[in-house]
Amino acid sequence: MNRWIYMWELLCAVLWSALLGVFWGVLLSGCSYDSGWGAEPVPVRITFLDVGQGLAVLLEHEGRYALYDSGPDSAGLTDTLASRGVKSLDWVLVSHFHRDHGGGFMEMGAAIESGRLKVGRLLVGLDTAVGFVSDSVYTVARRYKIPVDTLERGDTVYFAEGLRLECLWPVSYGRFGENRASVVLMGSMVGPQAGRESAFLLTGDLDTAGENRLMELSRDLSADLLQVGHHGSAGSSGLQFLARVAPRYAAIGVGKNNRYGHPKDEVVNKLRIVTGDSSAVYRTDLHGSFSFEMWPGVGLIVP
């Protein structure tokens with residue numbers, strides 16, 4: 001009888017050891033998998049496309065793309081995207097309904113129709129301006145069954161699981177038209193290795209009054225990279241706003257010899273003061289298309 005009891009206890013001990021081994025194996029392998037430190041980090045690439053007198057910012061992460069503003073019509077945006085291997089855009093955001101920001105989207109219909117380009121969503125703000133541009137943008141979205149989402153302060157857009165874009169402007173309780181209605185986004189990395197050590201700020205054509213309201217609402221506006229508002233117009237880029245953002249780099253989408261005289265000398269001088277280095281101010285009229293990269297755990301670099 002004692003022999004059977006002994007054998008039963010021995011069998012239980014063996015089974016219990018086996019179960020513990022499986023348990024710890026699964027637990028440890030799960031911890032190793034979830035840590036995320038084994039994988040090589042992948043940067044988000046931010047490219048300011050040379051579209052003449054206008055703005056188009058292409059975001060790229062692991063073969064996926066999105067677009068903040070689309071430049072003017074007749075600037076060849078779809079050809080530019082094709083030359084960069086862009087066949088699909090997760091979304092296109094039109095910051096406000098001015099032709100130099102939404103014109104490129106108006107011309108995407110032919111590329112969508114032929115299958116050369118896919119657009120997942122159209123994002124817009126609360127621009128109260130109505131007219132040819134807004135009508136044309138919505139017509140393209142309706143014709144090709146592109147879903148439309150409206151952004152306001154407090155909304156968040158995620159891109160390719162590597163980038164979070166927080167909408168800081170406009171506010172839902174205000175009525176703004178044209179430049180002051182520009183959708184403002186703060187972009188930062190997300191993931192196990194990412195912190196808020198690096199960020200970029202896209203402001204469209206936001207004017208000085210809009211910048212002042214934004215400073216009242218957002219205490220933390222600091223960013224390593226600033227897209228300079230309204231192509232370097234004197235009506236944007238107030239010194240207090242620039243000092244609050246304190247960018248290491250400034251980017252201006254602007255056309256050569258444009259009739260507006262953008263960027264204004266006074267704005268360029270303020271940017272030099274704030275960045276501390278004139279070479280940190282990048283312009284599409286001087287540099288053509290240019291890019292920055294945001295690396296998880298590293299920050300923003302110029303490749």
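A quick yes/no check of all residues on (1) modelled with pLDDT under 95; (2) among the hydroxyl-bearing types (Ser, Thr, Tyr); (3) over 22 Å from the mean Cα position of the chain (by Cα):
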| residue | (1), (2), (3) |
| --- | --- |
| Ala251 | no, no, no |
| Asp265 | no, no, yes |
| Val268 | no, no, yes |
| Leu271 | no, no, no |
| Gly276 | yes, no, yes |
| Tyr282 | no, yes, no |
| Phe290 | no, no, no |
| Pro303 | yes, no, no |
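Considering only strands (runs of 3 or more DSSP E) fully contained in the stretch 180-269, which possess at least 3 residues that are without any contact (Cβ under 8 Å) to a residue 60 or more places away in the chain and surrounded by fewer than 20 Cβ atoms within 10 Å (Cβ to Cβ)?
Fully inside the stretch 180-269 and qualifying: nothing.
Tell me which residues, restricted to the stretch 270-303, are open to solvent by 40 Å² or more (accessible area, probe 1.4 Å) and among the polar types (S, T, N, Q).
Ser278, Ser279, Ser289 - these are the residues of the stretch 270-303 that are open to solvent by 40 Å² or more (accessible area, probe 1.4 Å) and among the polar types (S, T, N, Q).
Which residue pairs have Cβ atoms closer than 9 Å, lie 6 or more positions apart in sequence or on different chains, and pair a first residue in the stretch 130-148 that is of a type in the set (Val, Ile, Thr) with a second residue that is open to solvent by 100 Å² or more (accessible area, probe 1.4 Å)?
Val133/Arg99; Val148/Arg142
Can you tell me which residue within the stretch 186-205, out of those that are at pLDDT 95 or above and either out of contact with any Phe, Trp or Tyr (no Cβ under 7 Å at 6 or more places or on another chain) or charged (D, E, K, R) (or both), is farthest from Leu151 (Cα to Cα)?
Phe200
From Val44, Val94, grab the single residue that is over 19 Å from Ser136 (Cβ atoms) and surrounded by 18 or more Cβ atoms within 10 Å (Cβ to Cβ).
That would be Val44, the only listed residue that is over 19 Å from Ser136 (Cβ atoms) and surrounded by 18 or more Cβ atoms within 10 Å (Cβ to Cβ).
Anything in the stretch 135-149 that is assigned to a helix (DSSP H, G or I) and either open to solvent by 60 Å² or more (accessible area, probe 1.4 Å) or basic (Lys, Arg) (or both)? List them, or say none.
Asp135, Tyr138, Arg142, Arg143
Quick one: which of Leu89, Leu77 is open to solvent by less than 30 Å² (accessible area, probe 1.4 Å) and touching a strand residue (DSSP E or B) at 6+ places or on another chain (Cβ under 7 Å)?
Leu89
For Asp149, only one of the following conditions fails: (1) touching a helix residue (DSSP H, G or I) at 6+ places or on another chain (Cβ under 8 Å); (2) under 23 Å from Leu59 (Cα atoms); (3) of a type outside the set (A, V, I, L, M). What is its number?
All conditions pass for Asp149, except number (1).
Being open to solvent by 10 Å² or more (accessible area, probe 1.4 Å), within 26 Å of Gly232 (Cα to Cα) and part of a strand (DSSP E or B): is that true of Glu152 here?
No: the conditions fail for Glu152.
Go through (1) assigned to a loop (DSSP other than H, G, I, E, B); (2) free of Cβ contacts under 8 Å to residues at least 24 places away in the same chain for Ser279 and report which single condition fails.
The one condition Ser279 does not meet is (1).
The values are calculated or read from the model by the stated rules, or taken from the named source; none is laboratory data. Just so we're clear, the structure is a prediction, and the values are computed from it rather than from any experiment. So basically every Cβ, Gly included, is an ideal-geometry build from the backbone, and we count neighbours across all protein chains shown. Ligands, DNA and RNA are excluded from the accessible area calculation, which covers all protein heavy atoms including side chains. Shrake-Rupley method; radii C 1.70, N 1.55, O 1.52, S 1.80 Å.
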